[in-house]
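**Q** Have a look at this one.
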Amino acid sequence: MQSRAEPIETWDLNGETIYRIGPLEEYLTALGLARRRPDWYRRLVVITGEPGTGKSVGAALFVRAMKGKARYLVIPPAQILRARSLMELFAQASGVATRPLRSYDFGQEIARCSREHPRILILDDAQRLTKGDFLDFIRWLIDAGGHTFILLGLPELEYVLSKKSEIADRVGFHHTLRLPTPAEIEPLFPGILPEVIEEIHAQAHGRMREVIALRQSLTDLLGRGKLDALELTPRQVQLVARHSLMGAA
């Protein structure tokens, strides 16, 4: 029996097609809570998920919808992350014109500008902040400034925050990105048998980044007549995945 799923809605993001699946919709709803309550005392949102689950894609869609009221920042790798570089990152996002030499004065200037022009700052790869005392700097900016912070990170971020009550108390809410089900990715594979879609989901470990990579490989092979959609088997999916998913993890 072939798949009969309805076509899936999409977004265009910088020329890339983004599929409107359930987990991404839920994620955008969670991000929207930060937009509706910008003056909330607990102005810290935590979003966690495995690699490839769409954290960065969802953040980009949210920033676009916010039209200048949100900023997307990637935290540098822990090996090069320093207090001054982090402050420069926040200063640029906060519209700080002056860069005092003293760290204390620099931090005060960032806090002052954030009170005058509060924004939502999305910090991707936020687990990198846990390697030093940088989370404490975030806590101070929440208390002294006006920004709302959204931390995007790997599941390990949850564990670290659970051990730091002084910042966990500032968390307004936490959302964990879930993986899509086979039924949710089915519309991406019209004409493919359900048992084959199950194998696609298994080979991709449910991660949308890998689902899309595998879809591209299968579409290419089907388009060149190397495979037949009606005769595609789970075993063929396994063979294609072996050669197409190494760079998608």
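No lab work stands behind these numbers, since they all come straight from the coordinates. Here the structure is a predicted model, which is why all the values come from computation and not from measurement. Cβ sites come from the backbone with ideal geometry, for glycine too, and all protein chains shown count toward neighbours.
**Q** Straight-line reach from residue 131: which aspartates and glutamates have Cα under 16 Å away, leaving out those fewer than 8 places along the same chain?
**A** Qualifying aspartates and glutamates at Cα under 16 Å: 156, 158.
**Q** Also: When 106, 90 are ordered from fewest to most other Cβ atoms inside 10 Å of their Cβ, what list results? Please list the in-between numbers first.
**A** Working: 106 20, 90 25.
Listed from fewest to most nearby Cβ atoms, that is 106, 90.
**Q** Against the longest principal axis of the chain, how steep is helix 55-66, in degrees 0 to 90 to the nearest 10, with axes from Cα atoms?
**A** Approximately 60 degrees, to the nearest 10.
**Q** Roughly speaking, what is the stretch gain from residue 158 to residue 140, that is 0.36 nm per residue apart minus the C-alpha to C-alpha distance, in nm to one decimal?
**A** Details: separation 18, 0.36 × 18 = 6.48 nm, distance 1.94 nm.
Working it through step by step, the gained length comes to 4.5 nm.
**Q** Going highest first, how would you order 9-20, 231-242 by mean Cβ packing within 10 Å? If you can, show how the numbers build up before the last one.
**A** On the way: 9-20: 11.7, 231-242: 15.6.
The packing order, highest mean first, is 231-242, 9-20.
**Q** Order these by the 10 Å Cβ neighbour count, fewest first: 124, 133.
**A** On the way: 124 19, 133 9.
Lowest count first: 133, 124.
**Q** Name the residues whose placed amide hydrogens come within less than 5 Å of the amide hydrogen of residue 74, ignoring near sequence neighbours (fewer than 5 apart) on the same chain.
**A** HN-HN under 5 Å from residue 74: 124.
**Q** Once a ≥ b ≥ c are taken as the square roots of the eigenvalues of the Cα gyration tensor of the stretch 23-97, is the result rounded (a/c under 1.5), prolate (a/b larger than b/c) or oblate (a/b not larger than b/c)?
**A** Working: a/c = 1.88, a/b = 1.28, b/c = 1.47.
The shape class here is oblate.
**Q** Between 70, 34, 83, find the one with the highest GNM mean-square fluctuation for the chain; connect C-alpha pairs within less than 10 Å.
**A** It is 83.
**Q** Please say if the chain is rounded, prolate or oblate, where rounded means a/c under 1.5 for a ≥ b ≥ c the square roots of the C-alpha gyration tensor eigenvalues, and otherwise the choice is prolate for a/b larger than b/c and oblate otherwise? Show your work: numbers first, answer last.
**A** Numbers: a/c = 2.60, a/b = 2.40, b/c = 1.08.
Note, shape of the chain comes out prolate.
**Q** Right, next: By how many degrees, between 0 and 90 and to the nearest 10, does the Cα long axis of helix 22-36 differ from the longest principal axis of the chain?
**A** Result, in degrees: 20.
**Q** In the stretch 24-85, which chymotrypsin sites (Phe, Trp or Tyr not before Pro) are in a loop and have at most 15 other Cβ atoms within 10 Å, using DSSP for the loop call? Please report the intermediate quantities before stating the final value.
**A** Working: sites: 27, 40, 41, 62, 72; in loops: 40, 41.
Counting only loop positions with at most 15 other Cβ atoms within 10 Å, the chymotrypsin sites (Phe, Trp or Tyr not before Pro) in the stretch 24-85 are 40, 41.
**Q** Another question about this same structure. Which aspartates and glutamates, if any, have their Cα less than 12 Å from the Cα of residue 164, not counting same-chain residues under 8 positions apart?
**A** Result set, ordered by chain and number: 133, 136.
**Q** Once you keep just the Cα pairs under 8 angstrom separated by 6 or more residues, what percentage relative contact order results for the chain? Don't skip to the answer; put the middle values down first.
**A** Details: 358 pairs, mean separation 67.4, N = 249.
Rounded, it is 27 percent for the chain.
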